[in-house]
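The values are calculated or read from the model by the stated rules, or taken from the named source; none is laboratory data. Computed from a prediction, not measured in an experiment: that's the story for all the values here. We place every Cβ from the backbone using ideal geometry, glycine too, and count neighbours over all the protein chains shown.
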Amino acid sequence: MKAALLHQPGAGFVIEDVDLAPPRNGEVEVRIAACGVCHSDYHLMTGTTKHPMPVVCGHEGAGVVERAGPGVTGLKEGDHVILSWAPQCGDCFYCRHDLPAQCEAFLEPIWNGTMRDGTTRLSLRGQAVYHYAALASFAERAVVDESCCVPIAADVPLDVAALIGCAVATGVGAAIFRAQVREGSSAAVFGCGGVGMSIVCGAVLRGAGDVIAVDRSEAKLELARRLGATRTINAAREDPVEAIRAATGGRGADYTFEAIGSVPVMQQAVAAARRGGMIVLVGLGPHTETLALGAGEFTRSDKLLTSAYYGGCDSRRDMPQLVELYKQGKLPLEAMVTRRRPLDEINAAFAEMLAGDTLRTVITF
């Protein structure tokens, strides 16, 4: 089958024919229909996220189950599914404490690029190829753990459903599950890519009175307004911290969200929150960098700093709710898809993302 391989940091993707072994116990094979292009994959391309290589990236996918391995009971051939990059065993400490994205059984294999048993299902000329984020969905097919699959109705477009697998679950989840934005409050969102725009939608869904979108792209800010942002700030033209304070009576926002993964922007999000406000770090920053806080000043501010890995979302419980919101017209996911490209144009898709020309490019099969 065709897959986009990353052989080493600093190189682009190469389309190659790779071998895919059949699913083992508790695993399924999925024919990929669509996969979104996300900055988290780019961190592997630059080497800021360390990962075994060669690797098939892609972690925001949707498709159709082609076959189920032994022991699979909840899925069958022909099921349409959203793919979750956070498989869960359902029985470890974190799964039992409502943090399945931290599942002890899968967290280490995920970052090692393997299945739960420590092996890969992908190979190239007899050599192991690693899976990124439990999915490896920049490929025509993928073998994944059964718990990665969230069944959906066949009438939901798979190129739109794919976004729920990462950007939407992460962004909407950060606003409604982790922050639990209060009705009538103010929320400022730094970065209006796929995740940030989903945070805007989540804050709107929670009834925030003032939703402030911050970005350097006027096109993205215009879309944020269409999706419900009440104010927009172009960070290329004005200081976003000062602009947020001015828009909130000099205090700062009740909630600030950082959706880029940039340490300087994280610091802006901290500064733009009011005393007693909440800062939610959502973007996945480089593993090599550190966020510094003034210890005394931050403590006196009484602010709450938290993160939202996968938006605090339980994929099997929460993704069906997000699909239902989409079907009710409350989550305008089509507006987030800027462009669709075939797999062999994947490097062009990443170039567009880095240029800021797109909100979400979706690779379609």
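Return the residues of the stretch 187-242 that are part of a loop (DSSP other than H, G, I, E, B) and in contact (Cβ under 8 Å) with a residue 60 or more places away in the chain; say none if nothing qualifies.
GLY191, CYS192, GLY193, ARG216, SER217, LEU227
Scanning the stretch 5-44 for residues that are farther than 21 Å from ILE82 by Cα, touching a Phe, Trp or Tyr at 6+ places or on another chain (Cβ under 7 Å) and of a type outside the set (Phe, Trp, Tyr) turns up LEU5, LEU6, LEU44. Condition check for GLY71 on (1) on the phi > 0 side of the Ramachandran plot; (2) under 23 Å from the mean Cα position of the chain (by Cα); (3) of a type in the set (Gly, Ala, Ser); (4) surrounded by fewer than 17 Cβ atoms within 10 Å (Cβ to Cβ): one failure, at (2). Do you know which residues across the stretch 339-361 are surrounded by 15 or more Cβ atoms within 10 Å (Cβ to Cβ), closer than 13 Å to HIS39 by Cα and in contact with a helix residue (DSSP H, G or I) (Cβ under 9 Å, 6 or more places away or on another chain)? Within the stretch 339-361, PHE350, MET353, THR358, LEU359, ARG360, THR361 qualify.
For the stretch 318-338, indicate whether the set of residues that are free of Cβ contacts under 8 Å to residues at least 24 places away in the same chain, surrounded by fewer than 17 Cβ atoms within 10 Å (Cβ to Cβ) and basic (Lys, Arg) is non-empty. The answer is no; no qualifying residue exists.
The helices (runs of 4 or more DSSP H) found entirely in the stretch 259-365 that carry 3 or more residues being closer than 21 Å to ASP41 by Cα and either modelled with pLDDT under 95 or assigned by TED's automatic domain parsing to the domain that holds ILE199 (or both) are 263-272, 346-355. Out of all the residues in the stretch 168-176, is one or more outside the structural domain of THR48 (by TED's automatic domain parsing), touching a strand residue (DSSP E or B) at 6+ places or on another chain (Cβ under 9 Å) and surrounded by fewer than 18 Cβ atoms within 10 Å (Cβ to Cβ)? Within the stretch 168-176 (the criterion being outside the structural domain of THR48 (by TED's automatic domain parsing), touching a strand residue (DSSP E or B) at 6+ places or on another chain (Cβ under 9 Å) and surrounded by fewer than 18 Cβ atoms within 10 Å (Cβ to Cβ)), the answer is no, since none of the residues qualifies.
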